[in-house]
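Asker: Quick one: this structure, given as structure tokens, is what I'll be asking you about.
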Amino acid sequence: MKAFIIVDVQNDFCPGGALAVKDGDQVVQVINSLEDKFDLVLATQDWHPKDHGSFASVIGRPVYEKIKLSGLDQILWPDHCVQDTPGADFHPGLRRDKIEKVFRKGMERNIDSYSGFFDNGHKKATGLGDFLKTRYVTDVYIAGLATDYCVKYTALDALSLGFQTYVIKDACRGVNVSPDDSAKAFDDMNAAGVKLINSNDLFTL
């Protein structure tokens, strides 16, 4: 079975949001057009406590500064996707009727979670991997926000768990703290064995 994983298409990652990704809202129409291509559609959702350790305001350091958090490299972000706030909601244009289950991440204060499968230290799983296996999924197709963080690490973890992994390039956008971060992320995914495709490729499925 093939599954479609929609990563973090949330208000705070779209224009006007607290951690806005340039043109982040442009993935919505592409993702909506693809959902009917899959029998199983899932989503991930950043869901941080208000005092999350990745927030620059909590640490009292500048945004995008790099620190150590629970022994791991951590970029400090603007407060974003705080639990039960409008910024954490899915973009209002995102089609929801096909999404069977949502997996939330980033809920532990002292560790971030870019991947939809694990926290950044791989200490706790979200349940996404086990769920896919119970549904006999073999191939996962990933799209969403942001290319250089949550999409990348979700894809790499999917690959490590044995899934044939595809990332739909035109249905992703990146944060690009450095201008070439998204390009590097695609290169890293490709080198690891992730298959990079475009949405048009899916209409031949």
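The values are calculated or read from the model by the stated rules, or taken from the named source; none is laboratory data. Everything numeric in this text was worked out from a predicted model, so none of it was measured. FYI the Cβ positions are ideal-geometry reconstructions off the backbone, even for glycines, and counts take in every protein chain you see.
Asker: Filter the range 73-93 down to residues that are in a strand (DSSP E or B), in contact with a Lys or Arg (Cβ under 9 Å, 6 or more places away or on another chain) and under 21 Å from GLY24 (Cα atoms), then give me how many there are.
Answerer: Adding up the residues that qualify gives 3.
Asker: I'd like the full set of residues that are in a helix (DSSP H, G or I), out of contact with any helix residue (DSSP H, G or I) (no Cβ under 8 Å at 6 or more places or on another chain) and more than 12 Å from ILE99 (Cβ to Cβ), limited to the range 30-72.
Answerer: Correct list: ASP36, ALA56, SER57, VAL58, ILE59.
Asker: Continuing with the same structure: What residue, of VAL82, VAL21, VAL28, is under 16 Å from LEU145 (Cα atoms), in contact with a His (Cβ under 6 Å, 6 or more places away or on another chain) and modelled with pLDDT of 95 or more? Give the derivation first.
Answerer: On the way: VAL82 fails: under 16 Å from LEU145 (Cα atoms); VAL21 fails: in contact with a His (Cβ under 6 Å, 6 or more places away or on another chain).
None of the other options fit; the residue is VAL28.
Asker: Something else now. So which residues in the range 149-165 are farther than 13 Å from VAL7 by Cβ and either touching a Leu at 6+ places or on another chain (Cβ under 9 Å) or of a type outside the set (Gly, Ala, Ser) (or both), if there are any at all?
Answerer: LEU159, LEU161, PHE163, GLN164
Asker: Still on this structure, I have one more. Determine whether LYS184 is basic (Lys, Arg) and over 22 Å from GLN45 (Cβ atoms).
Answerer: yes
Asker: Under 7 Å between Cβ atoms, at least 6 apart or on separate chains: pull out the pairs that start in the range 7-29 with a residue that is more than 22 Å from TYR166 (Cα to Cα) and end on any residue that is of a type in the set (S, T, N, Q) and at pLDDT 95 or above.
Answerer: So the pair list comes out as GLY17/ASN11.
Asker: Residues that are surrounded by 15 or more Cβ atoms within 10 Å (Cβ to Cβ) and modelled with pLDDT of 95 or more: does the range 62-69 have at least one?
Answerer: For the range 62-69, residues surrounded by 15 or more Cβ atoms within 10 Å (Cβ to Cβ) and modelled with pLDDT of 95 or more: present.
Asker: Further question: Can you tell me which residues in the range 1-29 are crowded, with 24+ Cβ neighbours inside 10 Å and part of a strand (DSSP E or B)?
Answerer: PHE4, ILE5, ILE6, VAL7, GLN10
Asker: Now for a separate question. Given the structure, is VAL58 in contact with a Ser or Thr (Cβ under 6 Å, 6 or more places away or on another chain) and either modelled with pLDDT under 95 or surrounded by 14 or more Cβ atoms within 10 Å (Cβ to Cβ) (or both)?
Answerer: So VAL58 fails the test.
Asker: In the set THR134, THR165, which member is in contact with a strand residue (DSSP E or B) (Cβ under 6 Å, 6 or more places away or on another chain), among the polar types (S, T, N, Q), over 26 Å from PRO49 (Cβ atoms) and modelled with pLDDT of 95 or more?
Answerer: Matching residue, one of THR134, THR165: THR165.
Asker: Follow-up question, since we're still on this one. Take GLY93 and decide whether it is touching a Ser or Thr at 6+ places or on another chain (Cβ under 9 Å) and touching a residue at least 40 places away in the same chain (Cβ under 8 Å).
Answerer: no
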